[in-house]
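See below for the structure under consideration.
Coordinate-derived values only; no laboratory data. Fair warning: this is a prediction, and the values are worked out from it, not measured in the lab. Every residue, glycine among them, receives a Cβ derived from its backbone with ideal geometry; neighbour counts consider all protein chains shown.
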Amino acid sequence: MTAPARDRPRVAVVGASGYAGAELARLLARHPGVRLTALGADSSAGKRPEELYPALRGLGLPTYAKLGAAELAAEADVAFLALPHTESLAVVPRLLEAGLKVVDLSGDFRLGDASQYEAFYRHAHDRPDLLKEAVYGLPEIHGARVAGARLVSNPGCYTTTAILALYPLLKAGLLRPEALVIDAKSGVSGYGRKLSSFNQFCEVDGNFIAYKVAGSHQHIPEIEQELSAAAGTRLTVTFTPHLLPLNRGIFATSYGLAAPGADEAALQACLADFYAGRPFVRALRGAEMPSLRSVVGTNLIEIAARLDARAGRVVVFSATDNLVKGAAGQAVQNMNLMLGLPEEAGLDLSALPV
């Protein structure tokens, strides 16, 4: 039975005018277990969300406002931060001190090693104590810790798509930890809403480009951190992101050396067993393959593994919606666990068939 609205936990979104923030507003507005009470967006304060995103009409969303820690403490029990990287560093400590639970969608608290943060984000990290406390919010791997957390660091979109595909195979010893290659393609919304010469229509339409190549992308240390834990040894990956001329979706093809016993049946059984009962993971068997059309608009990830016996390599394919499972949907999934709500609450989304 759904609790009366007045008894539900209150939630707020800061950075609500960006793509991930707008997706959070869409999901939280109809969530059966919480009340969306505030949307923070300094540059759009005073505007209605539907002025920026007409698709949000009719949801009864709050007007965008400037929200400091004091306002958030008065209006919310849980805060989602969809701020640019480095901006959450100053905000998170104040919200925790005010007694809020926080789900941070930036990269500011994802890495356990402050030196890695400083190397990839080019910014000093002054709260290493919170790095130790923050839980990396992949519910399929760290769900038990998420449930007891007050600070969850929501993973990046590329990282979610790559880690969930490779983690079980490394943990089971079916994939060797050396020479891992992740080749990933994202829709343009993954680059963010802020206009640049890189994401203009004329630059993207009919085009295909790699960016932040040769070990420079900020998601690399996240991927290595989690996959090293799975493998039980420090590993290094080659990761190359690309922009697709699409609005949404990520498709990753990952390559690794097969370990002894890694036949195709074993690979597929490993994925199916590891994710058995997980509501948002489809571990595909046989000839089935992931596709963007199957996941865009949902909180799902589809994964399939194949063995290239001639080359001695495992090839793993994975697909997600970068704004849902790769950002806002996973953030809601984490919040559900933090509040003791059903993990699927508010995330019963289906993909469009065409």
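Worth a mention:
- The stretch 69-124 and the stretch 206-230 have Cα centres separated by 22 Å.
- Relative contact order of the stretch 137-270, pairs being alpha-carbon contacts under 8 Å that are 6 or more residues apart, as %: 39 percent
- If you model the stretch 5-133 as an ellipsoid using its alpha carbon gyration tensor, with each semi-axis the square root of five times an eigenvalue, the axes come out at 27, 16, 12 Å, biggest first.
- Available extension along the chain between residue 348 and residue 242 is 35.2 nm, counting 0.36 nm per residue and deducting the alpha carbon span.
- Taking Cα atoms only, the orientation of helix 264-274 departs from the longest principal axis of the chain by about 30 degrees.
- Those aspartates and glutamates that a straight Cα-Cα span of less than 18 Å connects to residue 171, excepting residues fewer than 8 apart in one chain: 140, 222, 224, 226, 263, 264, 273
- Fewest-first ranking of 85, 242, using other Cβ atoms within 10 Å as the exposure measure: 242, 85
- With one equal scatterer per alpha carbon and no solvent term, the Debye-computed log10 I(q)/I(0) for the stretch 158-322 at 0.08, 0.14, 0.16 1/Å reads -0.23, -0.70, -0.90.
- DSSP-defined antiparallel bridges as percent of all bridges, the chain, nearest 5: 45 percent
- Neighbour counts of other Cβ atoms within 10 Å put 108, 7, 348 in the fewest-to-most order 7, 348, 108.
- Derived scalar couplings ³J(HN,Hα) [the stretch 136-141; Karplus, 6.51 cos²θ - 1.76 cosθ + 1.60; whole Hz; x for Gly, Pro]: 6, x, 9, x, 5, 10
- Cα long-axis angle, helix 19-29 against the chain (0 to 90 degrees, to the nearest 10): 70 degrees
- What the pair-distance distribution of the chain shows, using all Cα-Cα distances binned every 10 Å from zero, is 5, 25, 35, 24, 8, 1, 0 percent.
- Relative contact order of the chain, defined on C-alpha pairs under 8 angstrom at six or more residues apart (%): 17 percent
- Its relative contact order, with pairs defined as Cα atoms under 8 Å and 6+ residues apart, puts the stretch 5-133 at 22 percent.
- Only beta bridges with both residues in the stretch 158-322 are counted; by DSSP, about 70 percent of them are antiparallel.
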